[in-house]
Amino acid sequence: VSGGDEHLIVGAGDRAYIRGDIAEKYTVYGIYRRGDEFIDPITRERLGIQALDMGSGEIVALNGEISTMDVTRTTEEIRAGDRLLRQEERAIDSTFYPSPPAGPIDGLILAVEGGISQVGKMDVVVINKGLREGVAPGNVMAVYKRGGKIRDRVAGDSVVLPDERAGLMMVFRVFEKVSFGLVLEATKGLSVNDKVKNP
């Protein structure tokens, strides 16, 4: 709700005041800001909301409804309104075994880390397929550039060009309905809404 001395912005080494149900002192909490909401462009299903990591801190005093936290780590400035979640270890494996997905995958790139729309080699992307579709860490998928719509000057109508294979990505983090992948190859400029399929 506030930083020390009623500051609006808090960083590592600062004190912050927290409102909520905090059970005990010396508990470490992650501090998060609401990110993008992911909605499947085909089915319109709500797939989830990204929690952006802003930092972490330790509860040092309980004062009824308002508790005191020492902020120990920040990735960006922390503001009033950011949320706390109990810190949990969610280590990402450092070793992956490339493999094809267990079943057929026909997905889309929903977003690119950093809030941009263009995708290149070594970018992290979010796709609309996850555990429920059988996606697993290490799965390698082909990325297809969506075919553009052009006007046929001879026939006088519009046609859609075929999708063209333009890259390769490997999944490194899987959730129930979405997954995060690293683009390993990009032979053309890729973008949000391009397709991901079995290699």
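The values are calculated or read from the model by the stated rules, or taken from the named source; none is laboratory data. Every value quoted in this text rests on a predicted model; they were computed, and no experiment measured them. As a convention, Cβ positions derive from the backbone with ideal geometry for all residues, glycine included, and neighbour counts pool all protein chains shown. In case anyone asks, the SASA skips ligands and DNA or RNA and just uses the protein heavy atoms, side chains included. Shrake-Rupley method; radii C 1.70, N 1.55, O 1.52, S 1.80 Å.
Relative to the present Cα-Cα distance, how much length would full extension add between GLU24 and ASP53 at 0.36 nm per residue of separation? Before the final figure, lay out the partial values.
Values: separation 29, 0.36 × 29 = 10.44 nm, distance 2.25 nm.
So the extension gain works out to 8.2 nm.
So with the 1.4 Å probe, I'd like the accessible area per residue for region 119-173, rounded to whole Å².
Values: 2940 Å² over 55 residues.
Accessible surface, normalised per residue, equals 53 Å².
Quote the accessible area belonging to PHE96 in square angstrom, nearest 10, computed with a 1.4 Å probe and with ligands, DNA and RNA left uncounted.
Taking all protein chains as shown, PHE96 has close to 50 Å².
Evaluate E = 1/(1 + (r/R0)^6) for THR95 and GLU164, where r is the Cβ-Cβ distance and R0 equals 25 Å; express this FRET efficiency to the nearest 0.05. Numbers along the way, then the final one.
On the way: r = 32 Å, r/R0 = 1.28.
The computed FRET efficiency comes out at 0.20.
What's the carbon and sulfur percent of region 19-69's accessible surface, probe 1.4 angstrom, rounded to a whole number? Numbers along the way, then the final one.
Numbers: 1360 of 2860 Å².
About 48 percent, which is the carbon plus sulfur part of the accessible surface.
Just how much of GLU133 is accessible, in Å², when a 1.4 Å probe is used and the result is rounded to the nearest 10?
Its heavy atoms expose roughly 60 Å² to the probe.
Kindly count the pairs of lysines across the chain whose alpha carbons are less than 12 Å apart, treating pairs on different chains or eight or more residues apart as eligible. Working shown, then result.
Working: LYS121/LYS188; LYS129/LYS177; LYS129/LYS195; LYS129/LYS197; LYS145/LYS188; LYS145/LYS195; LYS145/LYS197.
Value for the chain: 7.
Any idea of the accessible area per residue across region 14-104, 1.4 Å probe, to the nearest Å²?
Values: 6040 Å² over 91 residues.
On a per-residue basis, region 14-104 sits at 66 Å².
Given the convex hull over the Cα atoms of region 1-43, what projected area results after averaging over all orientations, in nm²?
Numbers: hull surface 21.1 nm².
Average of the hull's projected areas for region 1-43 equals 5.3 nm².
On the Cα set of region 1-88, report Rg and Dmax in Å, please.
Over region 1-88's Cα set, Rg and Dmax evaluate to 14.6, 48 Å.
Going by accessible area, probe 1.4 Å, with all protein chains left in place, what is the ranking of TYR32, TYR144, largest first? Each step should come with its number before you reach the end.
Details: TYR32 30, TYR144 50 Å².
Sorted by accessible area, descending: TYR144, TYR32.
So how much accessible area does SER117 have, in Å² to the nearest 10, using a 1.4 Å probe?
70
log₁₀ I(q)/I(0) of the chain at q = 0.11, 0.12 Å⁻¹, via Debye over equal Cα point scatterers, no solvent, to two decimals?
-0.65, -0.73
With a 1.4 Å probe and all protein chains left in place, how much of the accessible area of region 83-199 comes from carbon and sulfur atoms, in whole percent? Could the numbers behind the result be given before it?
Numbers: 3570 of 6890 Å².
Of all accessible area on region 83-199, carbon and sulfur atoms account for 52 percent.
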